[in-house]
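Report on one structure; see the data block that follows.
The values are calculated or read from the model by the stated rules, or taken from the named source; none is laboratory data. Quick caveat, the model's predicted, so the values are computed rather than measured. Using ideal geometry, Cβ is built from the backbone for each residue, glycine included, and neighbour counts are taken over all protein chains shown.
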Amino acid sequence: MQPAVILSAADWQEITARLARLEAAEQARVLATTTKPDEVLSTKAAAEYIGLCAEALLRARRSGRIAGVRLNEKDWGFRRSVLDAYPRRYHRAAA
C-alpha cells in the first residue's frame, strides 16, 4: 500500500518550483563539469590565430606578456583563452 499525502495548492506549487530550481542547478553543474578543457595551440597555430608572426609571439612569451605551455624540450604551446585575452590587452584596435 502506498501512502497518500494531501497538500494545499500553494504547498504543491512551492514544491514543484523548488524541484525546478534544483533540476536547473544540477543541469548547470553538469554542464560546468563537462566543458571542454582549454585547447592548447602550437606556436605556429597560435601566431596565426592572433595575427602575429611566430617570432613575435615567442618574444611576447619571453618578456612575460603572454603565458606559454611547454610542449617538449624546444616547443611551446599557448592556451586559446590566453590568446583571446592577449590582443585586447596589448594591441590597438584594428582600423
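Considering only residues that are small (Gly, Ala, Ser) and either in contact (Cβ under 8 Å) with a residue 24 or more places away in the chain or not assigned by TED's automatic domain parsing to the domain that holds GLY77 (or both), look in the range 46-62 and name the one that is farthest from ASP84 (Cα to Cα). Reasoning before the result, please.
Pass one, the range 46-62, residues small (Gly, Ala, Ser): 46-47, 51, 54, 56, 60.
Cutting the leftovers down to either in contact (Cβ under 8 Å) with a residue 24 or more places away in the chain or not assigned by TED's automatic domain parsing to the domain that holds GLY77 (or both) gives us 46, 51, 60.
Working: ALA46: 10, GLY51: 11, ALA60: 14 Å.
For the range 46-62, the residue satisfying everything is ALA60.
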Residues satisfying the stated conditions in the range 21-69, i.e. of a type outside the set (D, E, K, R), in a helix (DSSP H, G or I) and surrounded by fewer than 11 Cβ atoms within 10 Å (Cβ to Cβ): LEU22, ALA24, ALA25, GLN27, ALA28, VAL30, LEU31, ALA32, THR33, SER63
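Please state which one of ARG88, ARG92, ARG29, ARG62 is among the charged types (D, E, K, R) and modelled with pLDDT of 90 or more. I'd like the intermediate steps shown before the answer.
Numbers: ARG88 fails: modelled with pLDDT of 90 or more; ARG92 fails: modelled with pLDDT of 90 or more; ARG29 fails: modelled with pLDDT of 90 or more.
Result: ARG62 is the single residue among ARG88, ARG92, ARG29, ARG62 that is among the charged types (D, E, K, R) and modelled with pLDDT of 90 or more.
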